[in-house]
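The values are calculated or read from the model by the stated rules, or taken from the named source; none is laboratory data. Predicted model, so just to flag it, every value in this text is computed and none were measured. Positions of Cβ are backbone-derived with ideal geometry, glycine not excepted, and every protein chain shown enters the neighbour counts.
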Amino acid sequence: MIWKIFLFLLLAFVSIAGIAFPIVEKPSAWYEFPFIPGLEENAKIIFFHVPTAWLTVIAFLMSTIFSFRYLKNKNLDEDAKAHSAAQLGMIFCILATVTGAVWAKFAWGQFWSWDPRQTSIFAILLIYGALFALRSSIESEDKRATLSAVYSLIAFVTVPFFIFIMPRIMKGLHPGSADDSNAGPVVDFQMNSNMQLIFFLSLIGFTILYFWMWRVGYRSIIIKDKIEKQLMIPTSGQGG
Amino acid sequence: MIIESYALFKKDFHSELRTRYAINSLAMFIIVAISVILFSIGNETITESLTGGLFWVVIFFTAMSGLARAFVSEEERGTTLTLQLIASPTTVFSGKLIFNLILVFCMNLVIAILYSALFEKFVVQNFLLFLLTFILGNIGLAVASTIIAAIIAKAGAKGTLYPVLSFPILLPLILTCVQLTLFSFDGTSFEEAQFELAIVVGYDVIMLTASFMLFDFIWKD
């Protein structure tokens, strides 16, 4: 219980600080952010965009790991964990896409420009969508778990192409692209210490929030399955 | 194992010759897709990059319309169990893969010939680069669509699900192949296209390995 209050306070502080702290040329007080050329006033969205993108990747990775473990030991609990991670990954993927598009509108001039990063997050969105479409089309529990685990493993091996190779061959605007001369403010951290502190607090806060939501998610899936099985046995007993 | 998968391929080949289902539907699909593009273009001349893109659009959707047959037909005829009894999963997958590879090569050859006859801007300057792109792209397309076809067949042959599942998997391959096709139109040398070629080779190898490793789990249930 204590850590839930702590998490609430942490995220409340991060949201208030991220939105309300002013950006000035020469920061003197502890609550002032520095003015970073290239980011300017848009810098504040970094506290929300980067954690959601980070959690998209974490959720995708966890979904793949639990899919792999399901294929190894055929335990349906592993499938519930993978499915719960994928559900959360979809939510954070949409959030990252939307916050990224808003940022792109003010930094690059338009919401969507098929930058390599935008292409890759779009592909991850499609993979999640395809995974849910596949899951909803299969009735049998074991078959659904096996086929979606296989699909998420196949999808996982294509992800390095998007994350590492696409930005190298396509011209991009996002920090870390092939033709990025100043290496971007995100990569070499031109932030001052209070900005870095809030950035990392935001990352930690969102990550704890993700793990909490994931635990609630997979437990509810397991309990739902268990109840359904308990309800099914007496009716089939009466019928037979 | 090679002899067995060849026997499996021959079985598919003969049953295909008897019905000619895949060949007929693929040929008609190619004609329909290209004529729709030609009608919508009308009298305008389209740019080189659009021609290269449309070339791979037609290839992708033609593959999606015909390649699911390999495994779906087994489920429809109820011969999956027999196959499971007489052959190992690796043999089954390689047999189906050979069949799909030949189908993809024939279909893409027809598409390439039609494109070079019907589109003004489809002029290949660096023919060797185009040929290499074509071969490597076809292998990647055949491998990825065969393994997705196996998933689809087990999921109850949902036709609409096939392109939905395949597109994210094929996206890196198609994007790189479009880039390489444009390079071959511009007459770019091999040295400059090295990185893109390496991506396609890497994609083919990774997909082939992952498919052979994961097919066991799909096939045995």
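Going by what's in this entry, would A:S137 be described as within 13 Å of chain B (Cβ to nearest Cβ), surrounded by 22 or more Cβ atoms within 10 Å (Cβ to Cβ) and either β-branched (V, I, T) or closer than 26 Å to A:E228 by Cβ (or both)?
When the stated conditions are applied, A:S137 does not pass them.
Restricting the search to segment A:86-123, which residues are touching a residue at least 24 places away in the same chain (Cβ under 8 Å) and closer than 24 Å to A:V216 by Cα?
Passing the criteria: A:A86, A:Q87, A:L88, A:G89, A:M90, A:F92, A:C93, A:I94, A:L95, A:A96.
The conditions are (1) modelled with pLDDT under 90; (2) under 23 Å from B:A155 (Cβ atoms), and B:E44 fails exactly one of them. Which is it?
Condition (2) is where B:E44 drops out.
Out of segment A:107-145, which residues are among the charged types (D, E, K, R), farther than 19 Å from B:I174 by Cα and touching a helix residue (DSSP H, G or I) at 6+ places or on another chain (Cβ under 9 Å)?
Here is the first cut: in segment A:107-145, the ones among the charged types (D, E, K, R) are A:115, A:117, A:135, A:139, A:141-144.
Retained after the next criterion (residues that are farther than 19 Å from B:I174 by Cα): A:135, A:139, A:141-144.
Hits for segment A:107-145 are A:R135, A:E141, A:D142, A:K143, A:R144.
Tell me, which helices (runs of 4 or more DSSP H) lie completely within segment A:121-240 with 2 or more residues that are at pLDDT below 80 and not acidic (D, E)? Can you show your working first?
Details: elements: A:141-160, A:166-169, A:184-188, A:193-239.
Per the criteria, A:166-169, A:184-188, A:193-239.
Just one of (1) closer than 25 Å to B:D216 by Cβ; (2) modelled with pLDDT of 90 or more; (3) within 12 Å of chain A (Cβ to nearest Cβ) trips up B:A155, so point out which.
(2)
Which ones in segment B:45-72 are more than 17 Å from B:M107 (Cβ to Cβ) and within 24 Å of the chain's Cα centre (by Cα)?
Selection gives B:E48, B:S49, B:L50, B:T51, B:G52, B:G53, B:F71, B:V72.
Taking segment A:140-153 as the search range and keeping residues that are more than 21 Å from the chain's Cα centre (by Cα) and surrounded by fewer than 23 Cβ atoms within 10 Å (Cβ to Cβ), which one is farthest from the other protein chains (Cβ to nearest Cβ)?
Filtering segment A:140-153 for residues that are more than 21 Å from the chain's Cα centre (by Cα) and surrounded by fewer than 23 Cβ atoms within 10 Å (Cβ to Cβ), the one farthest from the other protein chains (Cβ to nearest Cβ) comes out as A:E141.
Looking only at residues in segment A:122-134 that are surrounded by fewer than 22 Cβ atoms within 10 Å (Cβ to Cβ) and touching a Phe, Trp or Tyr at 6+ places or on another chain (Cβ under 9 Å), which one is farthest from B:L161 (Cα to Cα)?
My answer is A:F122.
Hey, could you check segment B:176-197 for residues that are free of Cβ contacts under 8 Å to residues at least 12 places away in the same chain and within 25 Å of A:T119 (Cα to Cα) and say which is nearest to the other protein chains (Cβ to nearest Cβ)?
The extreme case among them is B:F195.
Please verify whether B:L173 is within 11 Å of chain A (Cβ to nearest Cβ), within 30 Å of A:K74 (Cβ to Cβ) and among the aliphatic types (A, V, I, L, M), treating the condition exactly as stated. Let's see the steps before the verdict.
Numbers: within 11 Å of chain A (Cβ to nearest Cβ): yes; within 30 Å of A:K74 (Cβ to Cβ): no; among the aliphatic types (A, V, I, L, M): yes.
No, not satisfied.
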